[in-house]
Amino acid sequence: MSTSTADDRPESTDREVADGVYRFGTRRINWYVLEADDGLTVVDAGLPAHWPQLGDWLAENGYEFDDVAALVLTHADADHVGFASDLVDRNVPVYCHPDDLPLLRGQPQGAPGWFYRNLWRPGFFVYAVEMIRDGVTAVEPLADAEPLADGDVLPVPGEPRVIFAPGHTRGSCALYVENRDVLFCGDVLATRNIFTGREGDPQLLGSADEDHDEARASLTRLEGLGSVTLLPGHGNPWRGEIDAALSLAR
């Protein structure tokens, strides 16, 4: 399987996007490592071709795979489940909201109708080609996962708090690391328009949401968090007041 080229990598050459938080993937698809004194938490798992990025980074920074304590999925779309099975093979527990277990067990997923309807867009066509190249059709299903529930502070390094925010998928969640003002928002919000390829302000994914009205309504669940570093599944980090980000998205 091919690996991502240098031109596909995130625009920043410094992987650290917040205190002890590292960004991986490509310019179009993000996943993260959350570093703490008691180990590492991987947030989302990109696509299968991203797997070597994790091993390389661990080796470069004096870690081993045994230091990876958990994988937490913001949701179970294929471009977030990616190399999850490789971590399971190393006895790393995977966390996912129960409402997304059908997606997790149903990998590889067939492409939804909106995917085909947008292939005429040059920006989206590049995204689609990348997905196929990096193994979206080879994502392996997982039979089960540790459950996420709204308000849970997870017993994993960094102790993110779960904010259930359905709409993009039935089980979409954000993860808030309060002592670092970091919000992993998965696909609840994006800063890159996956249809045009343009970077910009926080936004909803529009027709890529399973239930767009519910996705918009779920934004209220993020209100009042204050100043954050917003780390989306698609797009560059965004820093500012969360309520301003939500106003832009609405």
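Specify the residue that is farthest from Asn236 (Cα to Cα); the eligible residues are those in the stretch 32-65 that are of a type outside the set (Ser, Thr, Tyr) and touching a Lys or Arg at 6+ places or on another chain (Cβ under 8 Å).
Phe65
Please state which one of Ala149, Ala145, Ala111 is out of contact with any Gly (no Cβ under 8 Å at 6 or more places or on another chain), among the small types (Gly, Ala, Ser), farther than 20 Å from Leu87 by Cβ and touching a residue at least 12 places away in the same chain (Cβ under 8 Å).
So the residue among Ala149, Ala145, Ala111 that is out of contact with any Gly (no Cβ under 8 Å at 6 or more places or on another chain), among the small types (Gly, Ala, Ser), farther than 20 Å from Leu87 by Cβ and touching a residue at least 12 places away in the same chain (Cβ under 8 Å) is Ala149.
Scanning the stretch 57-111 for residues that are among the aromatic types (Phe, Trp, Tyr) and not in a loop (DSSP other than H, G, I, E, B), which turns out farthest from Ala143 (Cα to Cα)?
Applying the filter and picking the extreme gives Trp57.
Taking Leu231 as the residue in question, decide whether it is in a loop (DSSP other than H, G, I, E, B) and of a type in the set (A, V, I, L, M).
no
Among what's in the stretch 50-80 and is hydrophobic (A, V, I, L, M, F, W, C) and out of contact with any helix residue (DSSP H, G or I) (no Cβ under 8 Å at 6 or more places or on another chain), pick the residue that is surrounded by the most Cβ atoms within 10 Å (Cβ to Cβ).
Looking at residues that are hydrophobic (A, V, I, L, M, F, W, C) and out of contact with any helix residue (DSSP H, G or I) (no Cβ under 8 Å at 6 or more places or on another chain), I get Val72.
Return yes when Thr137 is surrounded by fewer than 18 Cβ atoms within 10 Å (Cβ to Cβ) and either at pLDDT 95 or above or farther than 30 Å from Glu178 by Cβ (or both) and no when it is not.
So Thr137 fits the description; yes.
Could you run through the stretch 183-212 and say how many residues are assigned to a strand (DSSP E or B) and in contact with a Pro (Cβ under 8 Å, 6 or more places away or on another chain)?
7
The values are calculated or read from the model by the stated rules, or taken from the named source; none is laboratory data. The shown structure was predicted, so the numbers you read here are calculated from the model rather than taken from an experiment. We place every Cβ from the backbone using ideal geometry, glycine too, and count neighbours over all the protein chains shown.
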